[in-house]
Amino acid sequence: MKGATFWSDLYNKWGVSPKGLAHDEPPQLFANGQLALFAGGTRNLAVLQKAGVDFGVAAFPSFRGGKVLTPTGSWFIGVSANSTKKDVAADFAKFLTLTDEGTKIWFDANKQLPAYKPLLEQISKSPEFDAFPQDVFRIGVYDALNTAKPRPTMVAYGQLQDAFRTAFADMSNGVPVGDALATAVETYDAAMKRVAQ
């Protein structure tokens with residue numbers, strides 16, 4: 001409730017966040033000078049550098065006295081049940097996620113920190129990441145190793161995510177916090193009942 005109320009107040013009480021943005025719009029609006037700040041990830045670095053905007057980086061905010069947590073979760077590598085070459089696909093997935101070379105290829109191509117501790121440790125020590133703006137990856141490594149909280153592993157996570165994405169959009173548009181959260185819980189509960197049948 002505390003976090004959701006803060007979110008709602010950003011839009012409705014203090015008027016510092018614009019209403020009606022899609023979740024992927026803030027980085028470009030920031031790069032265009034239309035937002036003063038936004039919460040994002042390392043993947044946004046390339047957009048900001050390309051735009052030539054003067055920017056700084058900080059860790060995710062937290063409430064005073066609260067536990068510091070940072071969100072994690074992103075794209076993943078998997079093997080389709082319909083694949084005709086499951087063994088080859090599984091070997092490739094292991095290469096990209098469990099080897100020094102593969103995780104480095106993924107990181108260099110996507111600028112997304114891996115869930116592979118040897119590469120995280122390398123980034124934390126490499127001089128390449130000593131100076132701004134590359135040092136943003138050091139913040140990410142610190143978070144990954146110390147404050148990261150993975151997305152829940154559960155049945156119907158997609159429905160949970162959709163229910164709460166809708167709730168936060170509703171709260172940003174003035175729906176009372178308690179009502180929006182109650183609706184999210186009801187929506188998810190209904191989805192769980194369908195899945196359990």
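Each value in this text was obtained by applying a stated rule to the coordinates, not by laboratory testing. Bear in mind that the values here come from a model prediction, so they are computed numbers and not experimental data. Positions of Cβ are generated from backbone atoms using ideal geometry, with glycine treated the same way; all protein chains shown enter the neighbour counts.
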Item checked: Added length on full extension, which subtracts the Cα-Cα distance from 0.36 nm per residue, residue 72 to residue 14 -> 18.1 nm
Notebook entry, point to check: Out of residues 5 or more away from residue 148 or on other chains, whose amide H comes under 5 Å of its own, with H placed 1.01 Å from N in the peptide plane?
Noted result: 70
Item checked: Exceeding the 21 Å Cα-Cα cut-off - candidates 104/125; 67/149; 67/117; 2/67 -> 67/117
Next item on the list: First measure r as the distance between the Cβ atoms of residue 1 and residue 32, then evaluate 1/(1 + (r/R0)^6) with R0 = 30 Å and state the FRET efficiency to the nearest 0.05.
Entry: 0.35
Next item on the list: Could you calculate the contour length gain from residue 162 to residue 148, that is, 0.36 nm times the residue separation minus the distance between their Cα atoms, to one decimal place in nm?
Entry: 2.9 nm
Notebook entry, point to check: Which net charge results for the neighbourhood of residue 6, defined as the other residues with beta-carbon distances under 15 angstrom from its beta-carbon, given Lys and Arg at +1 and Asp and Glu at -1?
Noted result: +2
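Provide the gained length on full extension for the span residue 128 to residue 110, in nm with one decimal, where the gain is 0.36 nm per separating residue minus the Cα-Cα distance. Please list the in-between numbers first.
Details: separation 18, 0.36 × 18 = 6.48 nm, distance 1.67 nm.
Extra length available between residue 128 and residue 110 comes to 4.8 nm.
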Check: All other residues with a Cβ under 14 Å from the Cβ of residue 98 taken together, and with Lys, Arg as +1 and Asp, Glu as -1, what is their net charge?
Finding: 0
Check: How do the peptides 95-108, 146-159 rank, highest first, by the average count of neighbouring beta carbon atoms within 10 Å per residue?
Finding: 95-108, 146-159
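Just to be sure I understand the rule: take each whole DSSP H helix in the chain, project its Cα atoms onto its long axis, keep it if the span is 30 Å or more and its mean Kyte-Doolittle hydropathy is at least 1.0. Which ones pass? Each step should come with its number before you reach the end.
Working: long enough: none.
Helices meeting the span and hydropathy rule in the chain: none at all.
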